[in-house]
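Take a look at the structure below.
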Amino acid sequence: MTNTIATLADIARPASCARLVIKVGSALLVGPDGQPRREWLASLVQEIAEATARGQQVIVVSSGAIALGAARLGLAKGGRGSLADAQAAAAVGQIGLGGLWAELLAEHGLTGAQLLLTLDDLEDRRRYLNASATLGRLLEAGAVPVVNENDSVATQEIRFGDNDRLAARVAQAGRADAVLLLSDIDGLYDRNPKDPAATMVPVVRGVSADIHAMADGGSASGLGSGGMTSKLQAAEIAERAGIALAIINGTYTAPIGRALGSGTGDGGIGTLFLPRRRDGARKAWLGGRLKLKGVLNVDAGAAKALLSGRSLLAKGVTAVSGEFTRGDAVEVRGPDGFALAKGLAEYDAAECAAIMGRHTDDQEYLLGYAPRSAVVHRNQMVLL
């Protein structure tokens, strides 16, 4: 990762962005009739071919399987009427989607590769590393990985639910420099874009509560599952891993060139989220985890200690919620209720409840065995 991206135009430059993830949503790829928007997609593939020709490696995260399959099966509500409908539509649509990408990429001498992932594939450390290795090898071999959520087997409990966050996690696993989220508007606006006074935000340096307040959580098309809220969540995942993320308008023919200027000049049309920091590989994976098993609330003293790089001790825990065992991911919240960190618990939920607020000297008596040094060790924790 080069981590020298300062403008949208930098994303089109191999020197600053050697590896790029491009996310394409259902509403862009599939028309209202349930058929692929082939001419538009061909223009995007042309841009992908141009990127590879100038020395960039590209990973595609593509929605569209459910929408395509629903049209083929004649399912109502775009295949999203029920979980069973979505799973069936995905099973049918994924064949067509993969074939379409492979065909269009082949016209430019590029080899497409299909990779279907579930949330668990990227939440489990070993499977995450396997996915990372596969992506790396495909790119080294000159292929263009086309990734989608494996909706035919994922349930509501183990789904990303949107490909924006999947794209950010794939960027982590694929060691990408940047993510392009193709949307139906030019970028993030400071209020509802329908408001005549709305202004687009060109650069965001850290997703804050004020930035989240600008988001509209809906998906206007009815085909997709994400909105601006999911894009901001994706930006949070990316920015902690040292990855730039941009929201650009994908509704135009050749949308990347329009937004980035093909790497010429420093202008651009879109919103660029600059990385805040570059966590180590394990902490970046942990910080991007979406499935948390519990919550540990802490007092002001513990919150201050965490922010200074200390481990979380039982003495500072004020409340425990959720059902988790040792090694599960939990969220740590400060006295104001806001999330401070994510980490891997050293005790299960019942043990945490038994020792919270107590000194280390009391824990052996309470638990019946010598206590571990921390409830969440600093080496297994990432600050948010």
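The values are calculated or read from the model by the stated rules, or taken from the named source; none is laboratory data. Please read all numbers here as calculations on a predicted model, not as lab measurements. All Cβ positions, even for glycine, are placed from backbone atoms using ideal geometry, and neighbour counts span all protein chains on display.
Per-structure values
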read-out: Index of the failed condition, ASP362 passing every other in (1) over 25 Å from the mean Cα position of the chain (by Cα); (2) closer than 20 Å to GLU123 by Cβ; value: (2)
read-out: Count - residues of segment 305-317 that are loosely packed, with under 15 Cβ neighbours inside 10 Å and under 17 Å from GLY294 (Cβ atoms); value: 0
read-out: Out of ASP124, ASP162, ASP177, ASP184, sole residue that is surrounded by fewer than 17 Cβ atoms within 10 Å (Cβ to Cβ) and either over 22 Å from ARG38 (Cβ atoms) or outside the structural domain of THR52 (by TED's automatic domain parsing) (or both); value: ASP124
read-out: Every residue from segment 313-340 that is hydrophobic (A, V, I, L, M, F, W, C) and either outside any loop (DSSP other than H, G, I, E, B) or in contact (Cβ under 8 Å) with a residue 60 or more places away in the chain (or both); value: LEU313, ALA314, VAL317, ALA319, VAL320, ALA329, VAL330, VAL332, ALA339, LEU340
read-out: The listed residue being modelled with pLDDT of 95 or more and closer than 16 Å to ARG326 by Cβ, out of ALA370, ALA349; value: ALA349
read-out: Failed item, numbered, when PHE273 is tested on (1) at pLDDT 95 or above; (2) of a type in the set (A, V, I, L, M, F, W, C); (3) within 30 Å of LEU8 (Cβ to Cβ); (4) touching a Phe, Trp or Tyr at 6+ places or on another chain (Cβ under 7 Å); value: (4)
read-out: Identity of the residue in segment 8-21, hydrophobic (A, V, I, L, M, F, W, C) and out of contact with any helix residue (DSSP H, G or I) (no Cβ under 7 Å at 6 or more places or on another chain), that ends up nearest to TYR252 (Cα to Cα); value: ALA18
read-out: Segment 341-377: number of residues that are among the acidic types (Asp, Glu) and in a loop (DSSP other than H, G, I, E, B); value: 2
read-out: Exclusive hit being assigned by TED's automatic domain parsing to the domain that holds ARG240 and not acidic (Asp, Glu), set ALA259, ALA314, ALA302; value: ALA259
read-out: Leading residue by the ranking (nearest to SER62 (Cα to Cα)) among those in segment 17-33 that are at pLDDT below 95 and surrounded by fewer than 20 Cβ atoms within 10 Å (Cβ to Cβ); value: GLY31
read-out: Qualifying residues in segment 356-377 (those that are in contact with a strand residue (DSSP E or B) (Cβ under 8 Å, 6 or more places away or on another chain) and either among the hydroxyl-bearing types (Ser, Thr, Tyr) or buried (at least 18 other Cβ atoms within 10 Å of the Cβ) (or both)) - the one farthest from ASP279 (Cα to Cα); value: MET356
read-out: Evaluation of LEU139 against (1) in contact (Cβ under 8 Å) with a residue 60 or more places away in the chain; (2) over 19 Å from LEU274 (Cβ atoms); (3) under 15 Å from the mean Cα position of the chain (by Cα); (4) not in a strand (DSSP E or B) (one fails), failing number; value: (3)
read-out: Conditions (1) modelled with pLDDT of 95 or more; (2) farther than 21 Å from THR251 by Cβ: number failed by ARG80; value: (1)
read-out: Flag for ALA234 being surrounded by 17 or more Cβ atoms within 10 Å (Cβ to Cβ) and modelled with pLDDT of 85 or more; value: yes
